[in-house]
Each structure stands twice: as C-alpha cells, then as structure tokens.
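Worksheet for the structure shown next.
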Amino acid sequence: MTVLAVRTALETALAGMSPALDTAWPNLDFTPVDGTPYQRADILFASPDNPEFGAGHTEQGIFQIRLYYALGAGADPAEARAELIRTTFNRGASFTASGVTTTINRTPEISPGRAEEDRWMVPVRIRFFAHVAL
C-alpha cells in the first residue's frame, strides 16, 4: 500500500494548490474545456532502493505534471504555474498519507514548453522518495 500512500500524498498536495487548476488524473475520464488551462498528473515510480537488508525500502520516482495552456498566448501563464508548482513542491517539502511521508529531494525541473495539438505544454518533474519501514 506504500505506492498508494505516495500517490495520495502527492496528488492531495497538487489538488490543494491555489489557484486551483482542472486536473487530468491517471485512469479517470477527463475532457479539457476549450480555452481553459489544465494539468495532467502522473507518477513515474523508479525501482525501489534497498539501503539495508530487511523488509524496509525506499520508494522513489518522479511526479510529473504537464501544464496545458492556450497555444499562441505566450509562455508566461504556463511558466508562472510551473513556478508555483516549484514553490509548493520545494526541495525538502514533505507530504504524508497513511503514515508514509513522501519527501521532495530536488528542486523541481521545469522543462522547455512545446506545442502539443492545440495547447502549449510545459512539463514539470518533481523527484521524490519515501522511506518505508516494515
């Protein structure tokens, strides 16, 4: 259940940001509204780390958020949201769900934007880890 706890902690933090932004969550129906920005959130788990012998381990990976804004309206609105995400998920921030604390171990990466269909997309990658003692 640690993967679920990590996902819940990170998704809850993203959903709690202000101002709110429509979000496409994994494996849930989502239809973007024309002209309205939205974000798509995915967790890319890496291989768990096993720093010690035993049942404990460290979950690690990337929480990737792709921001979708109107194409042709300039990069500023998407980049401003990316900076807000970077502030919310700053290096050292931690989020807890079901007794598992997920920690951000690097400053989030804001990648260059690009046109994707009818939107301007800017990806933000947030690297995390969660020590799990069993």
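Read the figures in this text as sums done on the coordinates, not as results from a lab. Predicted model, so just to flag it, every value in this text is computed and none were measured. Virtual Cβ from ideal backbone geometry, glycine too; neighbours counted across all protein chains shown.
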For region 38-84 versus region 85-105, the gap between their alpha-carbon centres in whole angstrom: 12
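Where does each of Trp120, Trp25 land when they are ranked from fewest to most other beta-carbon atoms within 10 angstrom?
Least crowded to most crowded, the residues run Trp25, Trp120.
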Hey, what do the phi angles of region 43-57 turn into as Karplus ³J(HN,Hα) couplings, whole Hz, using 6.51/-1.76/1.60 and θ = phi - 60°, x for Gly and Pro? 10, 10, 6, 9, 4, x, 9, 10, x, 9, 6, x, 7, x, 7
Using a Gaussian network model of the chain with C-alpha springs under 10 Å, which one of Arg66, Arg81, Arg114 is most mobile by mean-square fluctuation? Arg114
Going fewest to most other Cβ atoms within 10 Å around each Cβ, Met1, Met121 line up as Met1, Met121
With the dipole of the chain worked out from charges on the C-beta (+1 for Lys and Arg, -1 for Asp and Glu) around the Cα centre, which of Gly54, Thr23, Phe89 lies farthest toward the positive end? Gly54
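Among the GluC sites (Glu not before Pro) within region 16-83, which fall in a DSSP loop and have no more than 11 other Cβ atoms within 10 Å of their own Cβ? Working shown, then result.
Details: sites: Glu52, Glu59, Glu79, Glu83; in loops: Glu52.
Sparse-neighbourhood loop GluC sites (Glu not before Pro): Glu52.
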Ordered by residue, what ³J(HN,Hα) values in Hz, to whole numbers, does region 12-20 give under the Karplus form 6.51 cos²θ - 1.76 cosθ + 1.60, where θ = phi - 60° and Gly and Pro are x? 5, 5, 5, 5, x, 5, 10, x, 6
Report the residue, chosen from Phe63, Phe30, Phe45, that carries the largest GNM mean-square fluctuation when the chain is represented by alpha-carbon nodes joined by springs under 10 Å. Phe30
